[in-house]
Amino acid sequence: MEKTKRYILPEDRIPRRWYNIQAEMPNKPMPPIHPATKQPLKAEDLYPIFAEELCRQELNQTDAWIDIPEEVREKYKFYRSTPLVRAYALEEALGTPAHIYFKNESVSPMGSHKLNSAIPQAYYCKKEGVENVTTETGAGQWGASLAYAAKMFDLNAAVYQVKISYEQKPYRKSIMQTFGAQVTPSPSMSTRAGKNILTVCPNHQGSLGTAISEAVELAQTTPNCKYTLGSVMSHVSLHQTVIGLEAEEQMKMAGEYPDIVIACFGGGSNFGGIAFPFMRHNFTGERHTRFIAAEPASCPKLTRGKFQYDFGDEAGYTPLLPMFTLGHNFRPANIHAGGLRYHGAGVIVSQLIKDGLMEAVDIPQLESFEAGMLFAQTEGIIPAPESCHAIAATIREAKKCKETGEVLRQVHRRRPPELRSHRRRNRRQPRRNQRQVRPQGAAPRPQRPGPPPVVHPQPWPATATAARPV
Ligand SMILES: Cc1ncc(COP(=O)(O)O)c(C=O)c1O
């Protein structure tokens with residue numbers, strides 16, 4: 001029988017609704033806390049920072065399905081649906097009986113999944129009469145996507161890019177400027193938050209936490225301006241569910257259903273996007289899929305973070321979120337996967353981890369690059385440093401299948417290349433002993449955490465399902 005490599009959905013099957021997992025998850029996330037009043041957050045508390053419709057989506061724990069505005073869906077047609085691809089060559093190279101599929105979001109104009117949320121965020125800002133938007137970015141994928149979406153809706157955009165990534169990936173700045181965005185390396189002297197950070201640490205290389213603080217401050221001090229966010233918050237993962245909803249239809253075309261869903265984890269938006277639509281079938285007991293988030297060993301908030309209320313940014317401007325965190329002042333190592341250098345996880349994933357409804361693994365940088373190289377040499381696509389972490393986790397599971405002979409169906413998400421990182425890797429021999437380096441401030445590998453230590457008022461792993469043996 002002829003093997004199908006790529007599964008594509010026609011335009012009329014691009015999702016018409018986003019899936020809101022908050023309405024159906026067994027235990028709802030604890031409420032975000034207002035940093036000043038210490039009271040549970042209301043949507044109105046967020047209005048000064050975000051577009052109002054996004055605030056309502058953020059705290060919506062009742063409606064499982066949210067309509068995608070027609071104007072947003074028209075923009076999605078620029079690149080959706082994205083292909084689901086069977087990785088036959090990778091399977092062969094691994095000699096594994098597992099069936100590996102990847103959801104290729106790199107076909108989007110900006111090269112990653114980030115546009116899936118940048119478009120609706122810009123749309124809602126425009127609809128509410130906003131003229132200016134600000135945001136943060138690490139690797140630059142989100143910054144580029146937001147700059148493009150802002151252009152689509154005729155908004156002015158200001159982007160704070162983490163300094164180390166601004167230096168490591170200079171061409172990203174050019175892409176954002178092509179769409180008219182103003183790009184500033186963070187920490188900078190342009191905000192009070194930036195000045196405070198540089199006063200304490202003049203050589204601070206920046207983190208997503210510092211960039212978020214500066215972008216929020218600029219939004220609060222600029223007329224008719226709103227802040228937009230590339231990950232972490234629930235409304236961002238909501239928009240990303242177009243990924244998993246499409247993949248579910250494409251797996252039906254392949255006549256299969258995933259035993260394991262894997263994605264890399266920075267703030268959690270792509271993980272939520274591909275996993276949440278499949279997770280709803282676990283909640284009803286129909287299915288027993290495993291969900292694995294792959295994070296960098298140098299920024300292990302899910303595997304070695306603590307569950308507590310913490311700020312989402314360095315300066316403490318954001319609400320307090322009940323999250324797995326390494327601490328909002330944590331300074332991640334300067335790894336190439338700039339998009340994964342974030343200290344905490346969103347409230348939904350933090351609750352799912354606490355309830356043991358998903359797993360997390362931490363991947364050392366060298367292992368992630370080796371996985372990326374093998375993927376490139378077999379499937380012909382050079383993955384970004386971020387996606388290499390998901391591929392490494394997939395390869396670990398595929399190798400287990402080889403040992404046990406189990407035929408597991410794995411789905412993961414992937415994105416195009418940052419050649420500078422790969423060039424550096426090729427030049428240097430991996431120094432194996434370095435894998436043992438523990439990031440500053442990370443606790444030793446804990447037992448699954450009990451109730452969360454209370455930082456402010458109000459006093460919180462993994463499951464695997466046996467696959468059918470061959
Ligand atoms: C390609 C890519 N993958 C993953 C991420 C991590 O973000 P998230 O966890 O929100 O998907 C980023 C962030 O910039 C990214 O650029």
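The values are calculated or read from the model by the stated rules, or taken from the named source; none is laboratory data. In this text, all values refer to a predicted model and were calculated from it rather than measured experimentally. Positions of Cβ are backbone-derived with ideal geometry, glycine not excepted, and every protein chain shown enters the neighbour counts. Note: areas computed on protein heavy atoms with side chains; ligands, DNA, RNA excluded. Shrake-Rupley method; radii C 1.70, N 1.55, O 1.52, S 1.80 Å.
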> Lys/Arg Cβ at +1, Asp/Glu Cβ at -1, dipole of the chain taken about the Cα centre: which of Ala293, His239, Gln182 is farthest positive-ward?
Replying inline: Ala293
>> 5 Å is the cut-off here: which amide hydrogens, built 1.01 Å from N in the peptide plane, fall below it relative to Ala158, excluding neighbours closer than 5 in sequence?
In response: Val133, Thr134, Thr135, Gln182
> What percent does the relative contact order of region 285-394 come to when contacts are Cα pairs within less than 8 Å and at least six residues apart?
Replying inline: 30 percent
> If you count, for each residue, the other Cβ atoms within 10 Å and average over each peptide, how do 237-245, 183-191 line up from highest to lowest?
Replying inline: 237-245, 183-191
> Once amide H atoms are placed 1.01 Å from N in the peptide plane, what residues at a sequence separation of 5 or more from Arg17, or on another chain, have their amide H within under 5 Å of its amide H?
Replying inline: Ile68
>> I want to check the label-to-label distance for Glu24 and Glu167. Put each point 7 Å from Cα in the C-beta direction and report it in nm to one decimal.
In response: 4.7 nm
>> Give me a comma-separated list of calculated 3J(HN,Hα) values for region 60-74, in order, Karplus coefficients 6.51, -1.76, 1.60 applied at θ = phi - 60°, integers in Hz, x for any Gly or Pro.
In response: 6, 10, 10, 8, 5, 10, 10, 4, 8, x, 3, 5, 5, 4, 4
>> Using the basic label-point model (7 angstrom from Cα toward the beta carbon), what is the Met253 to Asp355 distance in nanometres?
In response: 3.1 nm
>> What does the charge count around Ala193 come to, taking other residues whose C-beta lies under 11 Å from its C-beta (Lys +1, Arg +1, Asp -1, Glu -1)?
In response: -2
> When you count, for each residue, the other Cβ atoms within 10 Å and take the mean per peptide, how do 196-202, 295-301, 138-144, 365-371 rank with the highest first?
Replying inline: 138-144, 295-301, 365-371, 196-202
> How big is the charge dipole of the chain about its Cα centre, in debye rounded to the nearest 20, if each Lys and Arg gets +1 on its Cβ and each Asp and Glu gets -1 on its Cβ?
Replying inline: 1560 debye
> How much of the DSSP beta bridge set in the chain is antiparallel, as a percent to the nearest 5?
Replying inline: 35 percent
> Where in region 93-118 does the amide nitrogen come within less than 19 Å of the point 7 Å from the Cα of Lys399, taken along Cα to Cβ?
Replying inline: 93-101
> What's the local net charge at Tyr148, with K and R +1, D and E -1, over the other residues with C-beta under 13 Å away?
Replying inline: +3
> Binning every alpha carbon pair distance of the chain at 10 Å from zero, what are the percents per bin?
Replying inline: 4, 22, 34, 28, 11, 2, 0
> Using 1/(1 + (r/R0)^6) with R0 = 41 angstrom and r between the beta carbons of Arg6 and Gln177, what's the FRET efficiency to the nearest 0.05?
Replying inline: 0.75
> Distance from the Cα centre of region 192-243 to that of region 338-392, in angstrom?
Replying inline: 22 Å
> Whole-Hz Karplus ³J(HN,Hα) for region 121-133, in order, using 6.51 cos²θ - 1.76 cosθ + 1.60 and θ = phi - 60°, x for Gly and Pro?
Replying inline: 5, 5, 4, 5, 4, 4, 4, 9, x, 6, 10, 10, 10
>> With unit charges on the beta carbons (Lys and Arg positive, Asp and Glu negative) and the dipole taken about the Cα centre of the chain, which residue among Gly356, Leu59, Tyr166 sits farthest to the positive side?
In response: Tyr166
> Which of Lys28/Lys127; Lys252/Lys399; Lys169/Lys195; Lys42/Lys354 have a Cα-Cα distance over 28 Å?
Replying inline: Lys28/Lys127
>> Run the simple label-point estimate for Lys38 and Gln377 please: 7 Å along Cα→C-beta, distance reported in nm.
In response: 5.8 nm
> Which one of Ser145, Gln121, Leu208 has its Cα pushed farthest toward the positive end of the charge dipole of the chain, where Lys and Arg give +1 and Asp and Glu give -1 at the Cβ?
Replying inline: Leu208
>> Can you give me the long-range amide H partners of Asn329? Hydrogens built in the peptide plane at 1.01 Å from N, cutoff under 5 Å, separation of 5 or more residues or another chain.
In response: none
> Could you give the accessible area per residue of region 136-177, probe 1.4 Å, as a whole number in Å²?
Replying inline: 30 Å²
> Dipole magnitude of region 92-245 about its Cα centre, charges +1 at Lys/Arg Cβ and -1 at Asp/Glu Cβ only, in debye to the nearest 20?
Replying inline: 140 debye
